[in-house]
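In what follows, a structure is listed as structure tokens, so that the remarks can point back to it.
Just so you know, all these numbers are worked out from the coordinates, no wet-lab data involved. Keep in mind that what you see is a predicted model, and the values were worked out from it rather than measured. Cβ sites come from the backbone with ideal geometry, for glycine too, and all protein chains shown count toward neighbours.
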Amino acid sequence: MNGRQRPLFREKRWTAKGGGGKAPRDPFALQQETPMPRQLISSGSPFEAQVGYSRAVVQGDWCFVAGTTGTDPNTKTMPDDVVEQGRNALRTIGRALEEAGFSFADVVRVTYYITDAAYWDVMGDIAGPVFGDIRPAASCVIAGLVKPEMKIEIEVTAFKG
């Protein structure tokens, strides 16, 4: 490369001679003029209003589901068992995806937050039945969660193209 680096982007010059004399419309201005509607999905959790977030947000072909813990949707209690917490979280995520017009088959990324590395051994029991054939990109992070009884939190991103 002769010791010279090429720029990552080339600047186009719009002149009367070469480009008709008029620069094209700014693509960012076009995006601002025609915003895509944003759909907010709520699960009814009191934390959504307190903290100011949505269970899921749909923007175009994308659905972003917030980190979801394993509260039992019927009793509003947190089970002690990490597998049951994970299954509850996935049920809540499934309802959010469905309300948004998506399904687990559309999930392209999943992140698991667990409070103890030992819980990794049961991830197959939690995620296998849901994601076994879908096989989204996945990460697992060992982290502290908001409340000590919480053992797992799951967030997903889905795409419909």
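A straight chain from GLU48 to LYS160 at 0.36 nm per residue would run longer than the Cα-Cα distance by 37.8 nm. Of the chymotrypsin sites (Phe, Trp or Tyr not before Pro) in segment 31-85, the ones in a loop by DSSP (not H, G, I, E or B) with at most 15 other beta carbons within 10 Å are TYR53. In terms of surrounding Cβ atoms within a 10 Å radius of their Cβ, THR71, THR77 rank from fewest to most as THR77, THR71.
For segment 91-133, the residues whose backbone nitrogen is under 13 Å from a point 7 Å from the Cα of SER139, taken along Cα to Cβ, are 109-114. Averaging the sequence gap over all C-alpha pairs within less than 8 Å and six or more residues apart, then dividing by the number of residues, gives segment 39-159 a relative contact order of 32 percent.
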